[in-house]
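These notes are about the structure you will find just below.
The values are calculated or read from the model by the stated rules, or taken from the named source; none is laboratory data. Because the structure is a prediction, the values reported are computed rather than measured. Every residue, glycine among them, receives a Cβ derived from its backbone with ideal geometry; neighbour counts consider all protein chains shown. To get the accessible areas, we keep the full protein, side chains included, count just its heavy atoms, and leave off ligands, DNA and RNA. Shrake-Rupley method; radii C 1.70, N 1.55, O 1.52, S 1.80 Å.
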Amino acid sequence: MDKIRIVGGHQLNGSLPISGAKNAALPLMIASLLSDETLTLENVPRLRDVAQLTHILSNHGVDYSVNGKRAGEDAMTGQTVHLNAANIVDTTAPYELVSTMRASFWVIGPLVARMGQARVSLPGGCAIGTRPVDFFIDGLRALGAEIDIEGGYVNARATKGLVGNRVHFPKVSVGATHVVMMAAALARGETVIENAAREPEIVDLAQCLIGMGAKIEGAGTETIHIQGVDRLSGFTHPVVPDRIETGTYAMAVAMTGGDVTLEGARADLLENALETLRGTGAEITETNTGIRVKRNGSGIAPVDVVTEPFPGFPTDLQAQFMALMTRAKGTSRITETIFENRFMHVQELARLGADIHLDGQVATINGVETLNGAPVMATDLRASVSLVIAGLAAKGETTVNRVYHLDRGFERLEEKLRRCGAEIERIAAS
Ligand code: EPU
């Protein structure tokens with residue numbers, strides 16, 4: 001398995017491009033199942049999760065193609081992909097394909113809405129908590145689907161089509177909001193989603209669905225109204241920039257010091273996280289082309305955070321922020337409220353010399369003067385990159401093992417950081 005080797009202690013300076021958002025690209029690709037015409041997505045990141053989803057969609061019969069290189073593009077430019085689901089030949093998403101990525105479960109919504117049936121394996125994904133699927137099942141049942149679970153598969157049927165209804169989620173769920181919104185787009189009559197997720201990726205999917213002919217109002221608020229239509233058409237849609245990648249690199253710069261412009265980043269997608277970073281002493285400004293992050297001289301001030309659904313501080317930046325706080329001048333507390341088991345990075349950060357105490361969902365971090373490089377193990381996607389951030393500031397050499405987690409969600413991480421002066425390289429498995 002590949003490793004990443006980092007020699008810490010270098011400031012980051014320069015600029016790096018922000019890719020399209022993984023967590024927008026995945027539901028957008030799945031939305032192609034709703035139409036028999038071609039959906040074209042621009043700015044799709046080159047990631048393992050994207051590749052994995054193309055396998056899953058191909059298995060349903062979706063034709064997938066990627067544009068070749070165009071004038072002015074380089075390896076950092078997002079891809080343009082075309083997805084055509086004119087012939088869905090299989091409505092089963094098998095365990096072998098679904099078990100490695102939770103978002104692949106989301107095909108259940110479009111498949112049952114358009115084909116009247118779906119058989120989808122219960123999902124896998126990062127080991128960050130139990131991550132049940134009850135909201136999906138209750139939501140689709142509310143739209144008239146008959147659902148049973150047998151042998152690790154969820155079987156959904158709606159032979160006469162789905163029917164709009166009120167769907168109230170007991171807790172905000174990004175995935176369940178995506179799925180019910182997609183399914184309701186092809187249901188008869190009106191669906192109202194209450195306590196909907198407000199994440200930018202929900203808005204991005206809604207904009208694409210609207211472009212395909214769906215009637216959706218209120219995406220980005222707690223209540224989404226969807227008036228079902230008979231069919232959806234093709235469309236061309238650019239994937240929104242990745243706010244988690246943006247926040248991750250912003251935290252890396254806050255950690256090492258330096259001055260980096262994150263090209264293509266949009267501050268409105270992560271205001272809470274940027275404000276939190278300003279609290280730590282980083283200078284953050286919006287430029288014509290992206291976001292500039294600077295920290296010079298002064299140390300890192302401790303700031304407490306609580307993860308919350310959007311527009312709160314994102315759980316997907318919790319591990320990275322904890323890495324930053326390990327070197328703060330004082331004590332900070334991080335409370336994780338979204339997932340019950342998202343602190344696996346704590347023991348790995350401790351290997352680098354971090355002083356962190358866990359009490360249930362609250363981590364107390366006493367900032368230390370120096371971190372020291374060590375071999376560490378990536379445990380999930382965001383945890384892995386928190387170890388990279390820590391390694392960039394640690395004295396000496398850090399090797400991050402099991403980097404396949406990183407490749408699920410960060411495009412060309414080493415290249416981007418190296419461009420800004422980091423000493424980081426991938427060591428391919430022999
Ligand atoms: N939940 C339930 N029942 C359900 C669905 C969710 O209890 O049926 C609970 C979850 O267990 C969790 C909470 O609701 O406690 C929120 O989970 P949510 O459904 O919002 O998460 P998700 O849709 O599975 C997406 C992102 C995650 C991100 C979360 C929260 C994608 C592909 N994944 O997951 O991203 O952490 O929203 O913002 O969009 C990542 O990119 O590293 C990642 C894990």
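Key figures for this structure:
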quantity: Per-region count, the range 20-30, residues of a type in the set (Gly, Ala, Ser) and either assigned to a strand (DSSP E or B) or open to solvent by 10 Å² or more (accessible area, probe 1.4 Å) (or both); calculated: 1
quantity: Subset of the range 162-177 [touching a residue at least 40 places away in the same chain (Cβ under 8 Å), under 18 Å from residue 227 (Cβ atoms) and either within 13 Å of the ligand (Cβ to nearest atom) or surrounded by fewer than 17 Cβ atoms within 10 Å (Cβ to Cβ) (or both)]; calculated: 177
quantity: Qualifying residue in the range 229-246 (condition: open to solvent by 40 Å² or more (accessible area, probe 1.4 Å) and assigned to a loop (DSSP other than H, G, I, E, B)); calculated: yes
quantity: So residue 398, is it assigned to a strand (DSSP E or B) and either within 16 Å of the ligand (Cβ to nearest atom) or touching a helix residue (DSSP H, G or I) at 6+ places or on another chain (Cβ under 7 Å) (or both); calculated: yes
quantity: Test for residue 321: is it under 22 Å from the mean Cα position of the chain (by Cα) and free of Cβ contacts under 8 Å to residues at least 40 places away in the same chain; calculated: no
quantity: Which listed residue, of 378, 383, 354, 390, is modelled with pLDDT under 95, touching a strand residue (DSSP E or B) at 6+ places or on another chain (Cβ under 8 Å), buried (at least 22 other Cβ atoms within 10 Å of the Cβ) and aliphatic (A, V, I, L, M); calculated: 378
quantity: In the range 94-108, the residues that are more than 19 Å from the chain's Cα centre (by Cα) and within 15 Å of the ligand (Cβ to nearest atom); calculated: 108
quantity: Residues (within 22 Å of residue 47 (Cβ to Cβ), within 16 Å of the ligand (Cβ to nearest atom) and either among the aromatic types (Phe, Trp, Tyr) or without any contact (Cβ under 8 Å) to a residue 40 or more places away in the chain (or both)) located in the range 348-395; calculated: 378, 384
quantity: Residues that are modelled with pLDDT of 95 or more, among the polar types (S, T, N, Q) and assigned to a loop (DSSP other than H, G, I, E, B), drawn from the range 70-110; calculated: 87, 91
quantity: Unmet criterion (only one of (1) free of Cβ contacts under 8 Å to residues at least 40 places away in the same chain; (2) crowded, with 18+ Cβ neighbours inside 10 Å) for residue 329; calculated: (2)
